[in-house]
Amino acid sequence: MHRFFIKKQDIFENRIIVSGEDVKHISKVLRLKPGDRIVLCDGEGTDYLAAVESMNKDSIGTIILGKEASKGEPDINVVLYQGIPKAAKMDIIIQKCTEMGIKRIVPTFTVRTVVRFESEKDERKKVERWTKIAEEAAKQSGRGIIPVIDMPVTLPQAIMDAAGLDLVIIPYELETGLPVKEVLRKAKARSIGFFIGPEGGFEPSEVERAKDIGAVPVSLGRRILRTETAGIAVLTSIMYEYDQMR
């Protein structure tokens, strides 16, 4: 069944109004008619089964037939602090990590980050684009929320942000003695943060700084993963070890 995100303020007792870009998609692309059923998600973990009632060029009125907690949300809160990569790699990271159940992604400037934005306006445009990618991936994968994409921060700011999480890990190619699996199996965390470096990885001093707030350097095995692969691999490991792929 087709799925769309709506705003809480568009819910009125037993009706929901759909507006914005989804109106054209529902009416012109999907060609749905009054009486057809869709799923509307409030972005906070509740799904509404609704039937199309009325349609015009600006909005679609629906009647609520029932509601339930979204089934596509994991039980743990996972945050990715991603060193900003070049080109369209961030698009892939956001899309795939959204599908896997990430709750929040924090784009992070590190010593080896090549990408720079000319102004705060450029940053906001980029975050708006990334948020749209997350929304589309959330629709496709049956998520109950749209992951938050933060404004870019420096690595010291990201480290301070992560300090409040139950477990923080930082995959590092020079760490060979502690597999990520071992750390995840020993921890009983409900919130997990992990740091992924950009192309070129982290400077040793950056890893040491992360260790100051309790971050644990881990190994991802004998192979060196690209930045757009590493985050997906770590998130998959977390979801598997915490029984979120059952």
- So, for the Cα atoms of the range 136-246, Rg and Dmax in Å stand at 14.3, 40
- Inter-probe distance in nm under a simple model that places probes 7 Å from Cα toward Cβ, at Asp243 and Lys181: 1.9
- Quick one: Cα centre-to-centre distance for the range 197-246 and the range 135-188, in angstrom? 8
- Item | Lys67/Val153 FRET efficiency (R0 30 Å; Cβ-Cβ; nearest 0.05) | 0.25
- By how many nm would the segment from Lys28 to Arg112 lengthen if fully extended, with 0.36 nm per residue of separation less the alpha-carbon distance? 25.7 nm
- Computed over the range 3-69, the distribution of all Cα-Cα distances in 5 Å bins, rounded to whole %, is 4, 19, 35, 27, 12, 3, 0
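If you stretched the chain out fully between Lys188 and Asp58, how much longer would it get, using 0.36 nm times the residue separation minus the C-alpha to C-alpha distance? Write out the running numbers ahead of the final one.
Working: separation 130, 0.36 × 130 = 46.80 nm, distance 4.80 nm.
Net length gain for the segment: 42.0 nm.
Of all the C-alpha pairs in the chain, what % are more than 24 Å from each other?
Values: 15203 of 30135 pairs.
Counting every Cα pair in the chain, those more than 24 Å apart make up 50 percent.
Report the trypsin sites (Lys or Arg not before Pro) located in the range 174-203 that are in a DSSP loop and have at most 16 other Cβ atoms inside 10 Å of their Cβ, or state none.
Numbers: sites: Lys181, Arg185, Lys186, Lys188, Arg190; in loops: Lys188, Arg190.
Here the trypsin sites (Lys or Arg not before Pro) that fit, given the DSSP loop and packing criteria, are Lys188, Arg190.
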- Message: What distance in nm lies between label points placed 7 Å from Cα along the C-beta direction at Arg226 and Arg124?
- Response: 3.3
- Summing -39500 (n - 2.57) over every DSSP H run of at least 4 in the chain, dividing by its residue total and rounding to the nearest 500, the 222 nm mean residue ellipticity is -9500 deg cm²/dmol
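Largest first and in whole Å, give the semi-axes of the range 79-162's equivalent ellipsoid, each being the square root of 5 times a Cα gyration tensor eigenvalue. Mind dumping the intermediate values first?
Working: eigenvalues 90, 39, 24 Å².
That gives 21, 14, 11 Å for the three semi-axes.
I need the peptides 100-112, 150-162 ranked by packing, meaning the mean over residues of other C-beta atoms within 10 angstrom, with the highest value on top. Numbers along the way, then the final one.
Working: 100-112: 20.8, 150-162: 17.4.
Highest to lowest by the protection proxy: 100-112, 150-162.
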- Label-point separation, Glu13 to Asn77 (7 Å along Cα→Cβ), nm: 3.6
- Item | For peptides 211-218, 77-84, sequence by mean Cβ density within 10 Å, most packed first | 77-84, 211-218
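Holding the Cα-Cα limit at 28 Å, pick out from Lys28/Lys103; Lys103/Lys188; Lys125/Lys181; Lys71/Lys121 the pairs that are longer than that.
Numbers: Lys28/Lys103 32 Å; Lys103/Lys188 18 Å; Lys125/Lys181 37 Å; Lys71/Lys121 36 Å.
Listed pairs above 28 Å: Lys28/Lys103; Lys125/Lys181; Lys71/Lys121.
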- Message: With a cut-off of 8 Å between alpha carbons and a minimum separation of six or more residues, what is the relative contact order of the range 77-241 in percent?
- Response: 32
- Starting from the range 1-83, pick out the trypsin sites (Lys or Arg not before Pro) whose DSSP state is loop and whose Cβ has at most 15 other Cβ atoms within 10 Å. Lys7, Arg31, Lys57, Lys71
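In the chain, which whole DSSP H runs stretch at least 15 Å along their own axis (Cα) and average 0.0 or higher on the Kyte-Doolittle scale?
Details: long enough: 89-100 (17 Å, 0.07); 120-141 (31 Å, -1.88); 227-241 (22 Å, 0.73).
Flagged H segments are 89-100, 227-241.
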- Would you please state which residues of the range 45-89 a label at Glu203 would reach in this model, taking the label point 7 Å out along Cα→Cβ and a backbone N cut-off of under 20 Å? 81-86
- Task: Search the structure for amide H atoms under 5 Å from the amide H of Glu53, placed 1.01 Å from N in the peptide plane, and list their residues when 5 or more places away or on another chain.
- Result: Gly35, Gly61, Thr62, Ile63
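Any read-out appearing in this document is the output of simple, stated calculations on the displayed coordinates, not a laboratory observation. Only a predicted model underlies this, so the values are computations on that prediction, with no experimental measurement involved. Positions of Cβ are generated from backbone atoms using ideal geometry, with glycine treated the same way; all protein chains shown enter the neighbour counts.
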